[in-house]
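To start, the structure under review is shown below, and the notes come after it.
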Amino acid sequence: MSDQTFLGWPFFDDGHRAYAAAVEQWAASGLPLLAESEEGDLDAVYRYVGTLVRALGDAGLLRACVPAAYGGSRDEVDVRSLCLARETLARASGLADFAFAMQGLGSAPVSLFGTEAQKQSVLPAVASGARIAAFALSEPDAGSDVAAIATTAVRDGGDWRLTGIKTWISNGGLADFYVVFARTSDREEKPSKGLSAFIVDADARGLDASERIVVSAPHPLGTLRLSDCRVRADRLLGAPGDGFRIAMGTLDLFRSTVGAAALGFARRAMDEAIARAQSRRMFGRALAEFQLTQAKLGEMSMAIDASALLVYRAAWAKDTLRGRVTREASMAKLFATESAQQVIDAAVQMFGGLGVVHGVTVERLYREIRSLRIYEGASEVLKLIIGDKALEAASNDPVRRG
Ligand SMILES: Cc1cc2nc3c(=O)[nH]c(=O)nc-3n(C[C@H](O)[C@H](O)[C@H](O)COP(=O)(O)OP(=O)(O)OC[C@H]3O[C@@H](n4cnc5c(N)ncnc54)[C@H](O)[C@@H]3O)c2cc1C
């Protein structure tokens with residue numbers, strides 16, 4: 001088992017430790033498995049993620065994704081619990097982490113900004129695994145630049161009609177509902193002002209979610225086509241124009257958890273690298289006996305601990321200080337995903353030729369980590385946010401101002 005000493009850090013309470021142990025236990029003995037022969041079969045991957053969501057729900061682990069009043073485990077969604085689950089699941093299975101994460105990401109806009117009726121209609125089913133959630137923000141010409149969203153929502157009597165294309169949507173074609181972001185007023189001086197968010201059921205007339213996207217680490221991912229898709233007035237989240245705030249509030253909660261998933265991948269790569277270095281013999285001794293190997297393992301180990309510190313600092317700050325943690329969450333995601341990429345690459349290198357054989361764990365991790373540096377804020381975007389926050393802090397510093 002990977003290093004667990006971090007659970008003794010002051011960021012956690014006993015409830016966190018018990019939850020981490022429950023997830024660990026489930027990953028070891030309750031996690032349904034996908035047959036190796038089905039890994040390249042996208043239909044099987046879709047079915048498998050559905051199975052994972054139900055199994056996570058049955059085990060009570062999805063309760064961390066929603067507030068207690070709607071079947072959750074804590075009064076408010078607790079970022080440390082989300083991070084602990086994602087780290088532990090990612091160490092065992094990228095798809096189990098994905099299944100868990102999307103229930104949280106897809107329902108967070110409702111937990112944070114929904115009406116009582118909206119919460120009741122969605123959240124208990126998310127927590128039990130009965131309904132699968134998705135978050136539909138990106139478009140062909142609006143990825144990093146969220147304010148460029150072109151999907152429109154126009155009023156139709158008391159309801160809304162949505163038209164446009166959403167792409168890169170995780171759980172696209174599998175989800176039971178999507179939180180869709182659309183433009184409800186023209187791009188004014190501040191383009192982000194005119195966005196709104198809607199809960200759209202998968203069976204809504206005018207929604208086509210049949211187009212799939214095949215990526216290097218396959219998971220349910222697709223394009224949504226909305227053509228005059230009618231959405232009831234009571235499915236609007238917040239007020240018209242709140243969409244950008246809802247998207248950013250959700251990402252503020254979830255960015256650290258992407259760092260946690262990266263941390264789980266990195267820990268698994270570290271475990272694999274150590275086992276390989278100890279067992280692989282060359283030049284009359286074990287690979288682990290060479291100082292170059294020891295130095296590399298030292299660097300990997302330090303990168304993992306530094307990532308864990310940033311991830312759990314950001315999660316703790318969100319849970320306990322309650323304000324926005326844009327800077328801390330950006331640092332956590334940026335550092336943990338970039339370092340995990342390096343740790344996994346080093347593990348692949350230690351495996352030699354075996355490291356690039358399709359299906360070997362480090363090769364799978366190498367494919368799985370890559371997209372985490374792109375979604376929920378590409379690394380370049382996060383650097384700009386962190387730099388911007390540093391400049392803002394400096395201009396607010398009374399000593400420097402004086
Ligand atoms: C596997 C996967 C799952 C996803 N799941 C979802 C989902 O569930 N829901 C959803 O809404 N979206 C999802 N996305 C979409 C994701 O959020 C976008 O891919 C991401 O925002 C980047 O947008 P883009 O792909 O259009 O790249 P672009 O916006 O075209 O950016 C391309 C690159 O430009 C660089 N860049 C960006 N800004 C700057 C800058 N200011 N200066 C310099 N360089 C810059 C970055 O390196 C970036 O990777 C997913 C993507 C992937 C790959």
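The values are calculated or read from the model by the stated rules, or taken from the named source; none is laboratory data. Just so it is clear, the model here is predicted, and its values are computed rather than measured. Glycine also receives a Cβ, built like all others from the backbone with ideal geometry; neighbour counts cover every protein chain displayed. Ligands, DNA and RNA are stripped out before the accessible areas are found, and what is left, the full protein with its side chains, is counted by its heavy atoms. Shrake-Rupley method; radii C 1.70, N 1.55, O 1.52, S 1.80 Å.
To test your reading of the geometry: what angle, between 0 and 90 degrees and rounded to tens, separates the Cα axis of helix 116-128 from the longest principal axis of the chain?
Compared with the principal axis, the helix lies near 30 degrees.
Quick check for you: which residues of the stretch 259-290 have the amide N under 14 Å from the point 7 Å beyond the Cα of Trp9 toward its beta carbon?
259-264, 267
Accessible area per residue for the stretch 251-326 in Å², computed with a 1.4 Å probe and the full protein assembly in place, what is it?
That works out to 45 Å² for each residue.
Once you put a point 7 Å from the Cα of Glu392 and another 7 Å from the Cα of Arg367, both along the Cβ direction, what distance in nm separates them?
The answer from the label model is 3.9 nm.
Under unit Cβ charges (Lys, Arg +1; Asp, Glu -1), what dipole magnitude, rounded to 20 debye, does the stretch 1-142 have relative to its Cα centre?
400
Normalise the Cα radius of gyration of the chain by 2.2 N^0.38 Å (N = residues in it) and let me know the number. Could you put the intermediate results ahead of the total?
Values: Rg = 21.5 Å, N = 402, 2.2 N^0.38 = 21.5 Å.
Relative to the rule-of-thumb radius for its length, the chain sits at 1.00.
log10 I(q)/I(0), Debye, Cα-only the stretch 212-328, no solvent, q = 0.10, 0.20 Å⁻¹?
-0.58, -1.12
Ignoring ligands, DNA and RNA, what percent of the accessible area of the stretch 1-134 is carbon or sulfur (1.4 Å)?
Numbers: 2610 of 5030 Å².
The value for the stretch 1-134 is 52 percent carbon and sulfur by accessible area.
Within the set of other residues whose C-beta is less than 13 Å from the C-beta of Ala332, count the net charge using Lys and Arg as +1 and Asp and Glu as -1.
+2
Using amide H atoms built in the peptide plane, which far-off residues or other-chain residues are under 5 Å from Glu76 H to H?
Amide H neighbours of Glu76: Ala68.
Output the 0 to 90 degree angle, nearest 10, between the alpha-carbon long axis of helix 379-395 and the longest principal axis computed from the alpha carbons of the chain.
It is inclined by approximately 80 degrees.
Let me check I've understood the local charge: for Cys229, count other residues with C-beta under 13 angstrom from its C-beta, Lys and Arg +1, Asp and Glu -1. What total comes out?
Summing Lys and Arg as +1 and Asp and Glu as -1 gives +1.
When ligands, DNA and RNA are left out and all protein chains stay put, how many square angstrom of accessible area per residue does the stretch 120-189 have with a 1.4 Å probe? Walk me through the numbers on the way to the answer.
Values: 2780 Å² over 70 residues.
Per residue, the stretch 120-189 has an accessible area of 40 Å².
Aspartates and glutamates within cross-link reach of Lys296: Cα-Cα under 18 Å, excluding same-chain residues under 8 positions apart?
List returned: Asp3, Asp271, Glu272, Asp305, Glu338, Asp345.
At a 1.4 Å probe, what is the % contribution of carbon and sulfur to the accessible area of the stretch 295-350? Write down the numbers at each step before the final one.
Working: 1320 of 2280 Å².
Summing carbon and sulfur atoms, their accessible area is 58 percent of the total for the stretch 295-350.
Can you work out the accessible area per residue across the stretch 49-101, with the rest of the protein chains kept in place, probe 1.4 Å, in square angstrom?
Normalised by residue count, the accessible surface of the stretch 49-101 is 25 Å².
Expressed in nm to one decimal, what extension gain is obtained for the pair Val214 and Arg155 from 0.36 nm per residue of sequence separation less their Cα-Cα distance? Intermediate results must be reported in sequence, preceding the final value.
Working: separation 59, 0.36 × 59 = 21.24 nm, distance 3.49 nm.
Value of the extension gain: 17.8 nm.
Applying the Karplus parametrisation 6.51 cos²θ - 1.76 cosθ + 1.60 with θ = phi - 60° to the phi angles of the stretch 266-283, what ³J(HN,Hα) value in whole Hz is obtained for each residue in order, glycine and proline being reported as x?
So the Karplus estimates, Gly and Pro as x, are 5, 4, 5, 4, 5, 4, 5, 5, 5, 4, 5, 5, 6, 9, 7, 9, 7, 6 Hz.
For the stretch 217-273, with all protein chains present and a 1.4 Å probe, just round the carbon and sulfur fraction of the accessible area to a whole percent.
Looking at the stretch 217-273 in its full context, I get 51 percent from C and S.
Against the longest principal axis of the chain, how steep is helix 79-92, in degrees 0 to 90 to the nearest 10, with axes from Cα atoms?
With both axes taken from Cα atoms, the answer is about 50 degrees.
Residue by residue through the stretch 12-29, what is 3J(HN,Hα) from phi via Karplus (6.51 cos²θ - 1.76 cosθ + 1.60, θ = phi - 60°)? Round to whole Hz and write x for glycine and proline.
Listing the rounded values in order: 10, 10, 5, x, 4, 5, 5, 5, 4, 5, 5, 5, 4, 4, 5, 4, 7, 10 Hz.
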